[in-house]
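Peer 1: First, the structure itself, so that you have it in front of you.
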Amino acid sequence: MKKYGVVIGTLLFLLAATGTNAQVYQSGDLATHIDAIIGTMPTAVGGGDYLQPALSSRQLWREIVDHILAGEYALAHTDALTKSYQVVIWTDTAIIPNPVHVVLERVPGATSRYWGTFVFNTAPKRQHLVIQSPHPIYDSNTGYQGIRMYRTTSARAFFISGTHRCNGTSYTPCDGTTSACSDGYEAYRYSDMAHVVDSTYQVTTEALLDNDPSLIIVQAHGFAQGTGDPDLVISNGTISRPTGTDYAASVAAAIEAIDGTLDAAVVHLNPGASDLWATNNTQGRLLNGSSEPCGTPAISATGRFVHVEQARVGLRDTAANWTKLANAVAAAIPVDASPVPGDIVAPGQGIAIVNTYANPFQGRTRVEFSVSRSGPVEMDVYDIAGRRVAHTEVGSYEAGVHNLEWNAEQLPAGTYILRLRQGDMSDSRRCLLLR
């Protein structure tokens, strides 16, 4: 690695290439952005706006998602454009410090496909957690609720479908029937993301599970509460008790602790509470180890799929009530242990990283830091798994604010933890390296 020095230049965001395939950078309130996407979703039953992706499109989509998971955003963006999608590097200015997300979404103005929107967190605090809202229109407000749950929990990813679940005109061969789209029972439509395997929704779930066998999925749904029904019906997607951590039971206990007026029934612990088991949910079947999620129910439960059916009143009816499930999930699923060893200190105590310019960055970034005493400073760089990939003695500094340049040109794209240490004090910052 080259010697570090004082950086000269401006934010690397400004150096993005120009042209039709240029990487897209945006900033603003991420929740507001997703709300706007939900507000323009096709809602007509049988409207036919949803276009079922062919096998070749699903294979390309898997490549796009794999590129994103590898930090290869420019490659993902170029491939996505061929399907009227784009990859946006989104800085959420509504949160301090401003987290950076990667949003896979339809190109503005596109009028076809409607395969959904997928958001990836470059620095998740719960890196195994994925939030999904497969029925944002039919299960009213669950899309708005889902993006806020993703942000509250700092989950790894958030999925939302692209249309009303009944928008499609053709039917999946996957087993199960529903009365959601007609007066009688019919097979699930291809636009129903919770019950289809030939979809970008399922492909993205498969890619994340292949990347992380410890994946945890929480799906937000809604149901029409009848007399005597509980306020929430929470299942693991099977009729079995889980072999691992029972996250469904943990979420139920947490939400009852948040609002003591709510009754949360966990159906594998209380089978008579409801028939909303979610055994036909294809994401749940996948996570629970089904050999063929389209037609074969899972025979055991991992505990890592949490299907939450919610009454409207008290949970989905107001923005304030949306937060109850978000806070319950945050309480039930702990944040990750930091992969970086050592003490982390607040600014003004010992040593503190004030900012990095830019973040995300391409090759080099400027690190602004402060020290409260004189002495030598060392820098370590860790990958997301906690492996140290670089160590440098950057020099001796007097008390005050200083700058140094981090040259990461020899590292592959990805998320890294930068740690500065002076004596027994240290501070760390997550950084996203682009290529």
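The values are calculated or read from the model by the stated rules, or taken from the named source; none is laboratory data. Just so we're clear, the structure is a prediction, and the values are computed from it rather than from any experiment. For neighbour counting, all protein chains shown are included, and Cβ atoms are generated from backbone atoms with ideal geometry for every residue, glycine included.
Peer 1: If you take the residues of the stretch 90-103 that are crowded, with 19+ Cβ neighbours inside 10 Å and of a type in the set (A, V, I, L, M, F, W, C), which of them is farthest from ARG304 (Cα to Cα)?
Peer 2: Looking at the filtered set, the residue picked out is TRP90.
Peer 1: Could you list, in sequence order, all residues of the stretch 63-115 that are at negative phi and of a type in the set (Phe, Trp, Tyr)?
Peer 2: Answer for the stretch 63-115, where residues must be at negative phi and of a type in the set (Phe, Trp, Tyr): TYR73, TYR85, TRP90, TRP115.
Peer 1: Also, I was wondering about something else. Would you please list the contacts, defined by Cβ atoms under 6 Å and residues six or more apart or on different chains, that run from a residue in the stretch 23-52 that is assigned by TED's automatic domain parsing to the domain that holds SER140 to a residue that is surrounded by fewer than 16 Cβ atoms within 10 Å (Cβ to Cβ) and in a loop (DSSP other than H, G, I, E, B)?
Peer 2: GLN23/ALA16; SER27/THR93; GLY28/THR93; ASP29/ALA94; GLY46/THR169; GLY48/THR169; LEU51/SER112
Peer 1: Name the residue that is modelled with the lowest pLDDT, counting only residues in the stretch 95-118 that are among the β-branched types (Val, Ile, Thr) and over 19 Å from ALA74 (Cβ atoms).
Peer 2: Of everything passing the filter in the stretch 95-118, ILE96 is modelled with the lowest pLDDT.
Peer 1: Output yes when any residue across the stretch 390-401 is outside the structural domain of GLN23 (by TED's automatic domain parsing), under 22 Å from GLY71 (Cα atoms) and either touching a Lys or Arg at 6+ places or on another chain (Cβ under 7 Å) or among the charged types (D, E, K, R) (or both), and no when none is.
Peer 2: Checked against the condition, which is being outside the structural domain of GLN23 (by TED's automatic domain parsing), under 22 Å from GLY71 (Cα atoms) and either touching a Lys or Arg at 6+ places or on another chain (Cβ under 7 Å) or among the charged types (D, E, K, R) (or both), the stretch 390-401 yields no hits at all.
Peer 1: Same structure again: Is there any pair with a first residue in the stretch 170-198 that is farther than 16 Å from ASP275 by Cβ and not assigned by TED's automatic domain parsing to the domain that holds HIS135 and a second that is crowded, with 17+ Cβ neighbours inside 10 Å and of a type in the set (S, T, N, Q) whose Cβ atoms are under 9 Å apart and which are 6 or more apart or on different chains, and what are they?
Peer 2: none
Peer 1: Tally up the residues in the stretch 293-332 that are in contact (Cβ under 8 Å) with a residue 40 or more places away in the chain and more than 20 Å from ALA31 (Cβ to Cβ), please.
Peer 2: So the count comes out to 21.
Peer 1: Report the residue count in the stretch 307-330 for those that are hydroxyl-bearing (Ser, Thr, Tyr) and touching a Phe, Trp or Tyr at 6+ places or on another chain (Cβ under 7 Å).
Peer 2: Count: 0.
Peer 1: Shifting gears a bit: Which residue is surrounded by the fewest Cβ atoms within 10 Å (Cβ to Cβ), if the candidates are limited to the stretch 348-373 and must be in contact with a helix residue (DSSP H, G or I) (Cβ under 7 Å, 6 or more places away or on another chain) and hydrophobic (A, V, I, L, M, F, W, C)?
Peer 2: PHE361
Peer 1: Right, something else. Restricting attention to strands (runs of 3 or more DSSP E) lying wholly within the stretch 369-422, give those where 2 or more residues are under 30 Å from the mean Cα position of the chain (by Cα) and acidic (Asp, Glu).
Peer 2: Fully inside the stretch 369-422 and qualifying: 375-383.
Peer 1: Tell me which residues, restricted to the stretch 104-124, are aliphatic (A, V, I, L, M) and either surrounded by fewer than 19 Cβ atoms within 10 Å (Cβ to Cβ) or touching a Leu at 6+ places or on another chain (Cβ under 8 Å) (or both).
Peer 2: Passing the criteria: VAL107, ALA110, VAL119, ALA123.
Peer 1: Within the stretch 137-166, take every residue that is among the β-branched types (Val, Ile, Thr) and either on the phi > 0 side of the Ramachandran plot or out of contact with any strand residue (DSSP E or B) (no Cβ under 7 Å at 6 or more places or on another chain) (or both) and give me the one that is surrounded by the fewest Cβ atoms within 10 Å (Cβ to Cβ).
Peer 2: THR152
Peer 1: Looking at the stretch 303-315, which of the residues that are among the hydrophobic types (A, V, I, L, M, F, W, C) and not in a loop (DSSP other than H, G, I, E, B) is farthest from the chain's Cα centre (by Cα)?
Peer 2: Among those residues, the one meeting the criterion is VAL308.
Peer 1: Can you find a residue that is of a type in the set (Phe, Trp, Tyr), in contact with a helix residue (DSSP H, G or I) (Cβ under 7 Å, 6 or more places away or on another chain) and either farther than 22 Å from ASP49 by Cα or not assigned by TED's automatic domain parsing to the domain that holds ASN281 (or both) anywhere in the stretch 149-159?
Peer 2: There is at least one residue in the stretch 149-159 that is of a type in the set (Phe, Trp, Tyr), in contact with a helix residue (DSSP H, G or I) (Cβ under 7 Å, 6 or more places away or on another chain) and either farther than 22 Å from ASP49 by Cα or not assigned by TED's automatic domain parsing to the domain that holds ASN281 (or both).
Peer 1: Moving on to the next point. Go through the residues of the stretch 133-141 one by one and say whether even a single one is more than 19 Å from GLN52 (Cβ to Cβ) and hydrophobic (A, V, I, L, M, F, W, C).
Peer 2: No, every residue in the stretch 133-141 fails to be more than 19 Å from GLN52 (Cβ to Cβ) and hydrophobic (A, V, I, L, M, F, W, C).
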